[in-house]
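The values are calculated or read from the model by the stated rules, or taken from the named source; none is laboratory data. Fair warning: this is a prediction, and the values are worked out from it, not measured in the lab. Virtual Cβ from ideal backbone geometry, glycine too; neighbours counted across all protein chains shown. For the accessible areas, the whole protein counts, side chains as well, though only heavy atoms, and no ligand, DNA or RNA atoms are used. Shrake-Rupley method; radii C 1.70, N 1.55, O 1.52, S 1.80 Å.
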Amino acid sequence: MDDTRNGSTRADAASVIRDEKELIQQQRTVRGQDPDQQQITGIAISGGGIRSASFALGVLQALNASDYLKRFDYLSTVSGGGYIGSSWSWFNRLKRLGQFESSGDHYFFPFGSRDEGSRTSSSMMPSKILGYLRQHGNYLVPGAGLNYLSGFATVLRNMVLPLLVYLSLAVVFFSALVNLEDWLKGLIPDNLVLPDTLAHHLNLSFVIAGGAAALLGLVAIINGPLTFLIPRGKGAYKLRVSIQRLIGILAGISLFFVFTGLLPIFIREVPHAIAGASGGGILGIFGGLWHFARQQQGALSSLGSDIIALVSSIAIIIAILSPAYFIADHSGNAWWVALAVGCFFGFLVNINLFGLGRMYRDRLMETFLPDADTVGKGHWQPAWEAATTELTTFCTHEDQGPYHLINTNLILVDDTEKKFRSRGGDNFILSSLYAGSDATGWTRTGNFDDGKMTLATAMATSGAAANPYAGPNSQGMTRSPVVSFLMFILGLRLGLYVRNPNRTARTANGPSFMQPGLLQGLFGVNFKRSARFLALSDGGHFENTAAYELIRRRADLILISEAGQDEQFGFADVANLIERVRVDFGVHIRFMEDYDLKALVPGSAIADDFLSDRYGMAKRGFAFAEIEYPPEAGDDRSPEERTGLLVLVKATLTADLPADLYGYKDTNPTYPNQTTLDQFFDETQFESYRELGYQLTKQLTHNEVFERWWTQAH
């Protein structure tokens with residue numbers, strides 16, 4: 001068994017879980033509980049942006065009000081759930097360091113009470129924290145000069161630099177083709193007369209494409225007689241595999257150069273080609289935005305939407321590459337300048353620090369990880385402390401817990417293992433003790449990525465929803481190579497590159513447009529466990545309920561706060577969780593007959609009053625499932641003793657909610673499943689989700705199944 005205690009830099013899952021549980025025992029002592037309690041409990045907060053964070057805040061408040069919250073050992077968060085989960089960890093640390101006063105209770109809860117009003121509550125810090133979050137739900141535009149205009153300008157700025165780098169490299173590439181083409185034309189005998197059409201359209205790209213296609217045909221022809229010469233055995237099998245690989249490479253080369261060969265024809269033959277390309281690019285951008293909106297509304301399976309996304313992406317790529325070819329064809333030796341510009345910015349810009357991901361990280365940090373002084377003043381200020389506070393300083397043995405697991409997705413679309421390629425990656429945790437995944441193994445966080453990983457960066461990486469080569473639950477057009485190529489060349493990525501902890505050769509340079517951007521970013525090549533840089537994206541790209549790692553740890557009780565966008569109530573995130581843990585851990589999740597998912601669907605309540613008819617009420621806002629864990633080595637417990645309880649609290653409307661929630665529904669028909677594109681919550685919207693989470697969880701805490709589990713466990 002690998003063990004970092006004995007000097008190894010790599011640990012296995014058993015070692016990670018063992019060390020976590022030792023720390024949890026110490027945290028139980030800090031909060032005044034029995035450290036030897038056998039049951040392991042965890043809260044999972046799903047993805048869903050600020051919507052999920054607001055809803056989960058209410059869930060946590062209700063659990064705290066009923067005295068259940070302090071009994072949880074683990075906190076697992078993903079994407080938007082990480083906003084509020086990281087905020088909880090952040091304020092627990094500030095309390096431990098004595099940076100503000102609290103009510104003096106043994107168990108500290110930083111988010112106040114839903115019974116406290118902004119003009120009637122005490123001056124204690126939890127009330128101020130709650131008020132600060134209520135007023136800063138529009139975290140992307142906090143004010144003080146950081147408004148919609150500055151955000152839009154930042155997006156444009158982050159598009160210009162990658163475009164400059166990759167367009168410069170495209171000019172170099174096309175210049176090489178043009179110059180080589182001119183040299184080859186000089187070798188054609190003067191007495192060789194080509195048809196006008198062929199002479200006009202012939203270029204080196206077509207020659208290369210034709211050569212690759214001809215070679216492919218030759219290989220295919222030769223392959224036939226080889227079956228006679230080598231009819232069977234290992235040699236015949238090895239030959240078939242090698243030929244299949246070769247013809248695939250040749251087909252790719254042919255298609256690539258057909259595309260580049262069409263560019264000069266497009267420029268010559270289409271009137272006002274550059275203007276036309278620009279127009280196509282604009283149409284492509286609008287088409288892409290339309291597709292992204294459809295995607296966020298749950299239309300991932302729409303064939304028309306996928307076609308629009310693909311065509312839009314191709315149109316924009318043509319719009320980008322056409323000027324590069326035009327410059328290469330008309331500017332002589334300008335490729336020297338282009339090469340210098342491309343290399344200078346390509347190698348000397350750290351793409352983790354320059355890009356939308358960094359802006360997103362900073363805005364999240366300023367809202368959910370503010371300095372104590374900022375909360376006291378109640379208005380936005382830079383988050384100086386969180387900007388450099390390392391992840392290893394959280395969830396220590398001096399903290400009350402819970403132990404926080406932040407889930408991200410390790411992109412592995414080009415890995416040698418089929419499972420990782422088909423899924424698009426693997427679940428990669430960031431926590432105070434360890435960072436890692438099954439694919440890479442786990443390493444001490446203090447040794448990971450030079451030991452500089454901060455809570456702010458981990459939180460933002462877990463929520464990096466828009467990222468090339470990744471998509472929700474491993475699906476979506478953003479996994480398309482064409483769409484991903486476009487996203488990267490336009491700088492439309494929120495993810496993070498980290499140094500591979502398993503590589504012994506280290507580099508002083510950070511990730512750049514050249515390395516790993518050129519191969520991984522543009523072409524989707526080398527997204528492997530062995531790569532020098534590993535690409536992390538939104539944890540929801542692997543599993544969006546955040547319960548996956550809690551099931552790995554065989555938690556006896558898992559409470560999921562689930563507010564992912566699910567307007568049709570198809571429960572895609574829950575279904576993905578069930579499939580993943582069954583395949584990976586042999587764990588089966590079965591919902592109880594009397595508390596299944598049907599009761600969460602709008603319209604499941606008996607329509608016997610005006611509100612039920614008007615809003616299509618759900619019967620309840622929570623469901624229960626049994627978690628059937630397989631036996632471990634030496635485990636002689638009965639199946640009943642190995643069975644855990646999964647509690648799902650789902651954002652849905654039920655009876656007996658405050659009237660303002662129904663009023664909000666009247667003016668916002670998609671509530672409580674408004675699009676994740678909306679990350680600009682005002683006070684009313686924030687409160688509508690927070691209060692819904694509170695009310696549904698309050699109903700849960702009075703349920704006999706939930707109460708009975710805690711009674712039996714303790």
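For the residues LEU130, LEU149, the requirement of being at pLDDT 85 or above and either surrounded by fewer than 19 Cβ atoms within 10 Å (Cβ to Cβ) or acidic (Asp, Glu) (or both) singles out LEU149. Assessment of segment 548-563 against the conditions (without any contact (Cβ under 8 Å) to a residue 60 or more places away in the chain, among the charged types (D, E, K, R) and farther than 26 Å from ARG690 by Cβ) yields no matching residue.
Looking at the structure I just gave you, is GLY693 of a type outside the set (S, T, N, Q) and exposed (fewer than 15 other Cβ atoms within 10 Å of the Cβ)? Answer is no for this residue.
Do we find that LEU410 is open to solvent by 50 Å² or more (accessible area, probe 1.4 Å), of a type outside the set (D, E, K, R) and in contact with a Gly (Cβ under 8 Å, 6 or more places away or on another chain) in this structure? Taking the combined requirement at face value, the residue does not satisfy it.
For MET617, only one of the following conditions fails: (1) in a helix (DSSP H, G or I); (2) open to solvent by less than 10 Å² (accessible area, probe 1.4 Å); (3) within 30 Å of ASN668 (Cβ to Cβ). What is its number? All conditions are met except number (1).
Regarding segment 572-592, can at least one residue be identified that is open to solvent by 20 Å² or more (accessible area, probe 1.4 Å), charged (D, E, K, R), under 20 Å from GLY424 (Cβ atoms) and touching a strand residue (DSSP E or B) at 6+ places or on another chain (Cβ under 8 Å)? Checked against the condition, which is being open to solvent by 20 Å² or more (accessible area, probe 1.4 Å), charged (D, E, K, R), under 20 Å from GLY424 (Cβ atoms) and touching a strand residue (DSSP E or B) at 6+ places or on another chain (Cβ under 8 Å), segment 572-592 yields at least one hit.
Per the conditions (1) closer than 22 Å to GLY131 by Cα; (2) surrounded by fewer than 20 Cβ atoms within 10 Å (Cβ to Cβ), the sole criterion not satisfied by THR393 is (1).
Could you tell me which residue of segment 223-280 is modelled with the highest pLDDT, considering only residues that are in contact with a helix residue (DSSP H, G or I) (Cβ under 7 Å, 6 or more places away or on another chain) and part of a loop (DSSP other than H, G, I, E, B)?
Only one residue fits best here, namely ILE230.
Examine segment 9-19 for a residue that is modelled with pLDDT of 95 or more, under 15 Å from LEU75 (Cα atoms) and part of a helix (DSSP H, G or I), and state whether such a residue exists. Yes: segment 9-19 contains one or more residues that are modelled with pLDDT of 95 or more, under 15 Å from LEU75 (Cα atoms) and part of a helix (DSSP H, G or I).
Of the listed requirements (1) under 30 Å from GLY644 (Cβ atoms); (2) assigned to a helix (DSSP H, G or I); (3) over 27 Å from the mean Cα position of the chain (by Cα), ASP656 misses just one: (2).
In this entry, PHE624 passes the filter for residues that are open to solvent by less than 10 Å² (accessible area, probe 1.4 Å), among the hydrophobic types (A, V, I, L, M, F, W, C) and touching a residue at least 24 places away in the same chain (Cβ under 8 Å). Only a single item in (1) open to solvent by less than 40 Å² (accessible area, probe 1.4 Å); (2) over 18 Å from GLY644 (Cβ atoms) is not met by ILE606, and it is number (1). Of the residues making up segment 536-551, not a single one is open to solvent by 20 Å² or more (accessible area, probe 1.4 Å), of a type in the set (Phe, Trp, Tyr) and either modelled with pLDDT under 95 or under 30 Å from GLU20 (Cα atoms) (or both). The condition of being among the hydroxyl-bearing types (Ser, Thr, Tyr) and modelled with pLDDT under 85 holds for only one of SER123, SER79, SER66, SER54, that being SER123. Restricting segment 413-442 to residues that are touching a Ser or Thr at 6+ places or on another chain (Cβ under 7 Å) and open to solvent by 10 Å² or more (accessible area, probe 1.4 Å), the residue that is nearest to SER480 (Cα to Cα) is ARG423. Is segment 663-673 home to any residue that is over 29 Å from ILE551 (Cβ atoms), over 30 Å from the mean Cα position of the chain (by Cα), surrounded by 13 or more Cβ atoms within 10 Å (Cβ to Cβ) and modelled with pLDDT under 95? No, that holds for no residue.
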